[in-house]
Every structure is written in C-alpha cells, then in structure tokens.
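Here is the structure we will look at.
The numbers here are math on the coordinates, done by the rules we state, and not lab data. Note that the coordinates shown come from a computational prediction; the quantities given were computed from them, not determined experimentally. When we count neighbours, we look across all protein chains shown, and the Cβ atoms used for this are built from the backbone with ideal geometry, even at glycine.
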C-alpha cells in the first residue's frame, strides 16, 4: 500500500475519466475505421451530460482546495524548505 494514498477526489476523478474513456474509445475506433455517421440516443446524451457535470464538480473541488492550500501557505509564511 502506498504511503500516501490518493485523496477521494482524485480517485473519483480517475474513475470518472476511466468511465468516459470506456464510452469514447469504441466511437473513436469507429471513426478511425471511417464509420462516422451515428446519432446519439437521448439516454446516451443525458448520461454524457451527467458525467460531464460530475467531472466539472470534481475539477471545481480540486481548484478550490488548491486555492485554499495556497492561501494557507502564504499565511504561514510560504515554503519552509
């Protein structure tokens, strides 16, 4: 087990990106093969929008955490190394 396991937000981001890649990979292969005509179903569009929203939320959480970390480091006097 690693000394510093990934925080839950990074794990969620990794899982979300993996799910998206699994959905996109077959379409990408079809496009490479020349099969580009395809209409997405309503359910597929809704699912993709939900996944995109989930990814946006994770990115927003990470940005907020980074901003708070930077502010706390500035308040503490910066890097002590």
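A few points about this structure:
- Computed log₁₀ I(q)/I(0) - Debye formula, equal Cα scatterers, no solvent, segment 8-74, q 0.19, 0.26 Å⁻¹: -0.83, -1.11
- Between residue 28 and residue 46, the simple label model (points 7 Å from Cα in the Cβ direction) yields a spacing of 2.8 nm.
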